Structure formats: C-alpha cells, structure tokens
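Participant: Right, I'll just put the structure down here and ask away after.
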Amino acid sequence: MKNRHQRWFRARIALLGLCVAAVAVLVLFRAFHLQIASGDRLREMAEGQHLRELRVSPRRGAIYDRHGAELAVSADVDSVYANPRRLKAMEQNPRDVARRISKILDLDRETLAKRLSADRYFVWIERRVTPNEATQIRALDIPGLELTTEARRYYPNRHLAAHLLGFADIDGRGIEGVELAYEDRLRGSDRRVEAIRDRRGQVVFADDMEDDRSMQGQSVVLTIDKAVQHIAERELALGVRTFEARGGSVVVMDPSNGEILALANYPPFNPNEPSKHPTAHRRNRAVVDRFEPGSTVKPFTMAAALAAGAVKSNQSINCENGVTRIAGRVLHDAHPYEWLTPTQILAYSSNIGIAKVALDLGKKNLYRGLRRFGFGEPTGLGVPGETAGILRHYRRWYEVDAATVSFGQGMSVTNVQLAAAMSAIANGGRLMQPTLVRRLSDGHGVTIEENRPRVRRQVVPRRVAKLVGQMLTAVTEPGGTAIEAAVDGYLVAGKTGTAQKADYVHGGYAKDKWLASFIGFAPAEKPAVVISVVIDEPVIAHYGGTVAGPVFRRIAEVTLRHMGVAPEGRPAVLAQKKKQIVVAEVEPESEEEPVEKGQSAVPDVRALPLRQAVITLHAGSLVAEVTGSGVVVDQDPAPGKAVPHGAIVRIQLERRRFETEALTPEPRTKTLAAAVPRRPHDR
C-alpha cells in the first residue's frame, strides 16, 4: 500500500513536471514568435500607437537690409477655428455661438451661423486675430471652438521699400517683389519628423522641433541700406507732391560694385495691408515702367562717339542757331546756339549738336554703343516684372532715327537701366551687374550663397569714361541745365532729361504730359554713389533740372554724409582765400613748348580749387587724374608742356588750415559751361 502511494506521488510529480515543461516550451515558442519571428511587425505596431509622423512647414525666412535691419519677418499669431460636429454633439446652439463670437471678432452673424451649422469637422472662423481677441475667445470656453498658432508676415517699417519687398498672402506665399522672386528659398521645404503622442493623440514631444531655427526657411540679406532707402523715399515723395506729379522712382547705386543701395517708388503702399491700396500703387516703377529717356541718353551717345573716334573732345560743332532739318524732319534746340564743343553740347543739352555727333557715328555704331551700355536688354536684377525696354535694331531705323535716338526719342528704358549705364561712366567704363541680394543664410546665420560683384563688359575705354564724366560736371555749373542738382562741397556730374510722353489716343507726343529726370554721380572725381531720379507727369514745372535736380541734390547730400564721404570744401571760399595758401616750393613755370596740331599746352592749375582746375583742363581737351582733396599744390606734366589731346594731367591736392575769420563768399568763377548765357532749362 505504501509503495502504491509512493508510485502515485511520483506519477503526479512527473505529470506536473511535464505540464511545467510544456508550458515552458509554449512560453519559449511564443516568445520566439513575438520577439523574433514577428518582432519587426509588432514593433512597428507599437510605435504606431504612440509615435506620429508630422509634416512640418518651416517658418518663413526673414529679409534684412545690408546692415542686418529687419525688413520682413514672421511672427506667431492665433487663429480661430471650430468643429461644427462637436458643437452639435455638445448641444451648442450655432446661432447663439455665432452671436457671441461676432461681438468679439466683428463678423457677420448670419454668415457665421451658417458656417457653424455645416456638417463638417473643421471650419475657419477668423485667421490671424489680435492677442486681445484671442484672450476673449478663450474666455468663452465653448466646446468645439479652438485656437491654433499660425505664422503671420510682418513688415515692421510699413511703407519702406514696399515695392521692392512685395508681400505674402495669408498662407505665407510670396505674391510680389522679393517675396515672390525668392519664394522657394524663403519658404523652405516641408519636413517629416516623428513625435510622441498621448492617449488622445496630442503631440507631447518632438525632438527635431526643439530648435526653431532648424525649421526656418532661408533668410535674404539685401544690398539695400535702410537709411538711404528712407532718404530716397522721403525726398521722392516731397518732389512728387511739390510739382503735383503722377508718380516717380529713384534708384541709388554703388558704381564700384553695382549694388542697389535704395530703390524708391511713389505712390507708396503698406504691405501689411496690401488690399487697401490700388493695384497701380503696388507697381515697382523703377523696373517695370519703361519710358523715353530724353536727354539723359546724350552722355552715352557722346561716349560711344568718343570711343569710336567719330568726334574729338575739343571739336566745335555747328548747332545751326537752334533749328535744322535732318531727313525731312525739323529739329529744335530749347535755345539757339551756333558752335559748341562736346562739353557744351552736354551742358546745354543741344539736340542738334548730339544729333550731328550721332550721324557722324553712324546708325550701326550708335546702336551697338547703346546696346553695350545695357539698353534694350533686362539688367538681370532678379525681381518680377522687369522689362527690357525697347531699342529697335538699326536695320529697322528710318534715316531720322539715328538723330532722334541719340537724344532719347524712339527708344525706351527703365530707371534701373539708366542707373547701371551711368555707373559705367562713373567707374571707368565697366558695366556692372546690378545686385539686389547680397547673400542667403540659414536659420543659424550661416551663409549659404553669396553674390559677388560681376563686370558684364567693358563698355568704353577708361579714358573715354573719365572724359565724359568730367564733361558732365559742366551740367551742374552756372549756365548748365542742372544748377539745382549741384551739391555744396562736392563736384557733381550728371545729365538732365525732359521728355514728352507719347499720346496713345491721337498719336505723336502729348503736349501737356512730360517726364522729368536727372541722373548723376558724386563726388565726380571719385564717385561713391549714382542716383537716378524720374518724375512722371509733373504739373507745376516739367524741366528735368527744375523738377528732378533738387531731389537728386537732397538725396546726395544726406547719402554722402551717411556714407562718410567728406566734402571737398566750398570753391568760392577757397578761391577767396587763395592768397593765404602756402604752396610748398612750387616749381618755376616751364617755358611753353611749341604746340603742334593735335596737341594742347598744359595750363597752370596750381593753387586752384578742384572744380576750377578740372574745368580749366577740360577747356584744353585734357583729362584730370585727381589725388587728395582741397586745392592743387602740384601737377604733372608741368605747365606749358605740349601734350596730345586727351592726355592725362595728374594733379595733387591738399587741404590748408586758414585763420578763423568771417568770410564773404565772392561770386563763383565763370566756368566753361557758362561761356554762353542761357536759362537753366533742358530739353
């Protein structure tokens, strides 16, 4: 009996062991199945329950000026949305909810009630609300009425550079200007990141979203100087209002590298509220509007003729006493002249004189010369809507077109083209690629792409560009067409333009619609800035020197001070105090050498102020190369030496300290441009 009991006990132990072993085998099998055989699939299922893949749109990049001042930025604001199905499930009356919301957000109650009654999970109530409105909506505590954060584009300087920047729509997409041109860079690319969510599906953590800068589009750094832009817009607005004009534009450019320092347009608009302004006010006139440039083209015609040898710098040209006939068409000058030099042709803006120069140059060479200055092709500035202007091929010209194109009729340009072309005169004949964007950077400020100065081509020889630049200084001297553009303390080179606008209804030119312009650079001896001013349809007056000249002067005065360009002093005061200047061991005058044909005797310009010295050398068909500032203390070649026409005379200037006493400025010395008396008006 006892053995039987022991056997039964052993059997139960064995059975229990078998059961335990079977369970262990099953556990091991199941563990193998879960961990190895189906591990990857189950792991994905588990992660799917608490991880969520988010599609994240980056914050739009900012736009800065050249010094890092913010021009366009994005900021987070609240937007209100509703879940109409949840409102219904929570037994909320749509009309009652609409009444309460409309009082806060000033919305139409009936429209809002229809929206809240829709059989949908999501409807927008109002996007980009103010912080105060968002607080009041939260205080309502209505189930199904929620707020979410969105980015809104802000332009902190309001109207400043609005036409250049453009604006973005409510979804953050660029619509105009730089915002549109660099949409892909500013907006960036959507990213997919993994986030941890709770049991309700709400995101509680996303590692890749910790650093906002990594989720930001690229930022654009412009060449624009905010201070210069403000100056240009202020003075342009004053000029347009003073002469009751329709509009206008200003381009300020650094001639050494082609960077745009300011691009102003009038009328203005606020990019924060673009819908409140007419579409015409948002037009970037400086790059979109094309117009007949009038006399501002004459320097480029003259430069092409001098480079081709079609005219000499000291040549006298018969201007027919103000009236002549070319190819059956009668040409007039604003005032009658007989014989004028190239310098005087530019100073007095003689249409007949420049037309004769162009005819000697020939249609083919005139066309090629203007094309080399960039007319008839886009500048490549990189903003939407830029036009190339119109410059027909010379084979399509009539006989008279060579004459009329030479003074800016029968062709059209943009303000940016004019500024780029004048920069080529100012910098020694190099046509620079106009640059608006300096660099692109990421959210951490690391430069991704940088635009460096680029020379498109050498338009004319350096000697010719320097000679034309010196000729243009006569325009702002007494007797020239733009004495209102002269800047006290600086030598200014420039050209006025007064063009009649086309009459598209009756044909020909309108008798009462004008476009006044002035384009110039300063200081003339070492240009720091080129400024082009265009005023559209002024009423009070219409001459370029009267209307656009003062705008140029005021912009140049402040801009040169802002850039740290020291004035050269007042020539009248320096001339009056000339006797007090001690010139260090001036060499005795050299005996004059015999002057042959094609040569000039170098005049003595020592002890003269800069402006007077340059004009004296111009009269002798010589080119000045200036070093220093103040008055002339030395020159090379020496006075009296015979040199070829167009030779360079190096002059050294120094400043002298005078005794402090009251000075009475004497009348300004009569210059080459004042040789023929006339009124300062330009055609």
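The values are calculated or read from the model by the stated rules, or taken from the named source; none is laboratory data. Here the structure is a predicted model, which means the values were calculated and not measured. All Cβ positions, glycine included, derive from the backbone under ideal geometry; neighbour counts span all protein chains shown.
Participant: Identify the residue in the stretch 250-277 that is of a type outside the set (Ser, Thr, Tyr) and in a helix (DSSP H, G or I) and, among all such residues, is surrounded by the most Cβ atoms within 10 Å (Cβ to Cβ).
Facilitator: As a first pass, look at the stretch 250-277 and keep what is of a type outside the set (Ser, Thr, Tyr): 250-255, 257-265, 267-274, 276-277.
Still in the running and in a helix (DSSP H, G or I): 274, 276.
Numbers: Pro274: 19, Lys276: 9.
So, considering only residues that are of a type outside the set (Ser, Thr, Tyr) and in a helix (DSSP H, G or I), the one surrounded by the most Cβ atoms within 10 Å (Cβ to Cβ) is Pro274.
Participant: Separate question: Of the residues Ala280, Ala303, which is in contact with a helix residue (DSSP H, G or I) (Cβ under 7 Å, 6 or more places away or on another chain) and in a helix (DSSP H, G or I)?
Facilitator: Sole residue among the options that is in contact with a helix residue (DSSP H, G or I) (Cβ under 7 Å, 6 or more places away or on another chain) and in a helix (DSSP H, G or I): Ala303.
Participant: Filtering the stretch 484-524 down to residues that are more than 27 Å from the chain's Cα centre (by Cα) and among the acidic types (Asp, Glu), which residue is surrounded by the most Cβ atoms within 10 Å (Cβ to Cβ)?
Facilitator: Asp503
Participant: Find all pairs meeting these conditions: Cβ atoms under 8 angstrom apart; at least six residues apart or on different chains; first residue within the stretch 499-514 and in a strand (DSSP E or B); second residue among the aromatic types (Phe, Trp, Tyr).
Facilitator: The qualifying pairs are Ala499/Phe291; Ala499/Trp514; Gln500/Tyr509; Gln500/Trp514; Lys501/Phe291; Lys501/Tyr509; Lys501/Trp514; Ala502/Tyr509.
Residues are listed down the side, and each one gets a yes or a no for (1) in the same structural domain as Met253 (by TED's automatic domain parsing); (2) part of a helix (DSSP H, G or I); (3) touching a residue at least 24 places away in the same chain (Cβ under 8 Å); (4) of a type in the set (S, T, N, Q):
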site: Val297; (1), (2), (3), (4): yes, yes, yes, no
site: Ala307; (1), (2), (3), (4): yes, yes, yes, no
site: Gly374; (1), (2), (3), (4): yes, no, yes, no
site: Arg392; (1), (2), (3), (4): yes, no, no, no
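Participant: Turning to a different aspect of this structure: Taking the conditions exactly as written (modelled with pLDDT of 70 or more and either surrounded by fewer than 21 Cβ atoms within 10 Å (Cβ to Cβ) or among the basic types (Lys, Arg) (or both)), does Ala624 satisfy them or not?
Facilitator: So Ala624 does not fit the description; no.
Participant: For the stretch 261-319, give me the residue count where each residue is in contact with a His (Cβ under 8 Å, 6 or more places away or on another chain) and among the aromatic types (Phe, Trp, Tyr).
Facilitator: Qualifying residue count, the stretch 261-319: 1.
Participant: Additional query: Filtering the stretch 441-461 down to residues that are farther than 27 Å from Ala303 by Cα and surrounded by 16 or more Cβ atoms within 10 Å (Cβ to Cβ), which residue is farthest from the chain's Cα centre (by Cα)?
Facilitator: Gly443
Participant: From (1) closer than 19 Å to Gln409 by Cβ; (2) at pLDDT below 90, pick out the condition that doesn't hold for Pro478.
Facilitator: If we test Pro478 against (1) closer than 19 Å to Gln409 by Cβ; (2) at pLDDT below 90, just (1) comes out false.
Participant: A further question follows. Just one of Val357, Val311 is among the β-branched types (Val, Ile, Thr) and not in a loop (DSSP other than H, G, I, E, B); which is it?
Facilitator: Values: Val311 fails: not in a loop (DSSP other than H, G, I, E, B).
Among Val357, Val311, only Val357 is among the β-branched types (Val, Ile, Thr) and not in a loop (DSSP other than H, G, I, E, B).
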